[in-house]
Each structure stands twice: as C-alpha cells, then as structure tokens.
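Here's the structure, in structure tokens; my notes come after.
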Amino acid sequence: MTSSNICQTLQDGLGALFVCVDQGDYCRVRTPFLYPDGDNIDLFCRVDGNTTTITDLAETTGWLRMQSLSTRRSPNQNRLIEDVCQTHGVEFYRGMLQARCHPDDDLSNVLTRVAQAALRVSDLWFTLRHQAAGQSVAGEVAEYLTERRLQYEPAKRLAGRSQQVWYVDFHVRADRRSSLVKVLNTGSRAAAHRITDHVVATWYDLNHHAVGPEGLQFVSLFDDTIDVWSDEDFRRVEDLSKIARWSRPDEFISILTESV
C-alpha cells in the first residue's frame with residue numbers, strides 16, 4: 001500500500017462518513033466520532049514500508065488534559081486509558097493512540113478501532129467528573145497544590161471548642177502562613193445550602209485555631225464549575241473564612257500564600 005491509495009481504500013471501506021485528505025507525511029482522516037465538546041475526532045495515517053500506522057497524534061490525551069487544571073494524568077486516568085486500549089487492540093505510546101495495519105489487514109477496520117478508542121478515552125472526562133464529587137475535586141486540588149509546590153496534609157482532623165471532631169480537606173503550609181481549606185462541592189442546588197451550613201458550623205467551632213502568632217487562616221474553596229451556589233451561600237461563609245473559587249485557581253493560590 002502507498003500513501004496515494006490510502007484515501008481511496010478508506011473511501012471504499014468507510015464511505016462518505018470519513019473525509020480523508022493528504023497532509024504532508026500523513027493522510028488526515030476526519031471521522032464522524034465527536035469529542036464531548038462537539039469537535040470531530042481526527043486520525044492520521046502514515047505509510048512505513050508495508051505497514052500503515054493509524055494514530056491520533058496525541059490529540060485525544062491533549063483534549064483530555066485541557067479539561068483539567070492538572071498538567072499530568074492521574075494514575076487512575078492512566079489505568080483507564082490502558083483498559084480502553086486493551087479492549088480495542090490499540091497501542092498507547094507517548095500519549096498517542098495508534099495501531100498498525102499490515103498488508104493483509106482491513107485498513108477501515110483498524111482505523112475504526114483507533115477512532116473508537118479515542119472516543120472512549122475522551123469520554124473518561126464524564127467518568128471522572130461524575131465520580132464521588134467531593135473526592136474528585138479534592139483530588140484535583142491536591143494535584144494542583146503539589147504542582148505549585150505547596151506543602152499540605154489532607155483530611156485533617158481537628159477538635160472544636162465543643163469537643164466535636166471536624167474534618168477539613170487540607171492543612172496547607174505556605175512560607176508566610178498556614179491555612180485550613182474546606183472544599184465545597186455538589187452537583188445539586190438542594191444540597192448546596194446544607195453543605196454551606198456544615199462549613200459555617202465547622203469554621204465557627206474551630207475559630208480558636210485562628211488566633212495566636214501561628215493562627216490558621218480559614219479558606220472555603222467553592223467548586224463553582226457547576227452553577228449551584230447562591231449569593232447567600234457565599235455571604236454566609238465569607239463571614240468566617242476567605243472565599244476562593246475553583247474556576248480561579250491562581251486566586252486560590254494567592255490567598256494561601258499572602259501575608260497576614
């Protein structure tokens with residue numbers, strides 16, 4: 001097989017659903033499969049001797065990375081990607097999904113396998129976003145704190161003035177001061193008010209930790225990527241803590257690192 005007849009072979013096997021054009025060393029194939037944001041999944045074919053390699057040139061993992069604040073894939077994401085590749089008979093190499101088509105193979109079938117793998121990998125965004133919401137967001141926050149080289153202790157237990165034990169998501173130690181961080185996260189408007197009540201109670205009972213030369217700063221980090229919070233929720237928590245929004249991660253870091 002040569003590069004000149006790849007497009008004709010694909011057209012014969014896949015019909016008008018796939019659009020193929022020559023692009024330098026590759027033939028670019030626009031598939032009917034879509035990323036979750038509606039963009040088409042494109043694949044690239046390159047001839048190496050008697051073998052044709054079909055690859056996404058890492059566009060799928062690049063898309064997935066753009067949906068997260070983290071610059072690295074989590075171990076769980078890597079495991080899920082490997083599972084997808086094993087299921088569809090696709091190789092995962094340097095962030096690329098790819099497969100070889102040998103002379104006796106059906107090129108259209110191999111290309112469809114890679115396209116299906118790309119679709120499944122992009123759908124991991126839905127899987128990860130709809131896991132236990134608090135754990136998912138807290139994990140993203142932990143990765144972000146690590147990337148910004150901030151020391152932290154997760155799942156901190158502290159006794160309040162009432163002797164009740166409260167859990168905060170992070171105890172962060174910056175150069176100038178330390179902070180306790182509560183992550184407020186839910187996909188339900190009905191639950192948002194109850195979560196706010198719990199955070200208000202937490203900060204009120206722990207306020208003795210905020211006094212003294214090493215007093216801790218209280219930070220309420222709202223996951224505002226889902227529009228469930230009311231102005232009242234922000235106002236009530238703001239009386240007892242600094243407000244941060246997960247949609248503005250740089251401001252969150254500034255709050256943690258600012259001087260007293």
The residue from 194, 189, 177 that alone is among the basic types (Lys, Arg), in contact with a Phe, Trp or Tyr (Cβ under 9 Å, 6 or more places away or on another chain) and in the same structural domain as residue 221 (by TED's automatic domain parsing) is 189
Across (1) closer than 30 Å to residue 84 by Cα; (2) modelled with pLDDT under 90, residue 165 clears everything bar (1)
Checked 54, 81 against criteria (buried (at least 20 other Cβ atoms within 10 Å of the Cβ) and within 19 Å of the chain's Cα centre (by Cα)); the one match is 81
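Are there any helices (runs of 4 or more DSSP H) wholly within region 1-89 with 1 or more residues that are within 30 Å of residue 225 (Cβ to Cβ) and modelled with pLDDT of 90 or more, and if so which?
Those helices (runs of 4 or more DSSP H) span 59-66, 75-88.
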Residue 196 vs (1) over 29 Å from residue 81 (Cα atoms); (2) in a strand (DSSP E or B); (3) among the β-branched types (Val, Ile, Thr): all pass except (2)
Condition (residue is farther than 21 Å from residue 167 by Cα and at pLDDT below 90) applied to region 247-259: is it met by at least one residue?
yes
inquiry  = in a loop (DSSP other than H, G, I, E, B) and either at pLDDT 90 or above or touching a Phe, Trp or Tyr at 6+ places or on another chain (Cβ under 8 Å) (or both): is that true of residue 149 in this structure?
reply    = yes
Cβ pairs under 8 Å, 6+ apart or interchain, first in region 29-52 and within 13 Å of residue 98 (Cα to Cα) and touching a residue at least 12 places away in the same chain (Cβ under 8 Å), second aromatic (Phe, Trp, Tyr) and part of a strand (DSSP E or B), ordered by first then second residue, are 44/26; 45/26; 46/26
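The values are calculated or read from the model by the stated rules, or taken from the named source; none is laboratory data. Please read these numbers as outputs of a predicted model, since none were measured by experiment. Don't worry about glycine lacking a Cβ; one is built from the backbone with ideal geometry, like all the others, and counts go over all protein chains shown.
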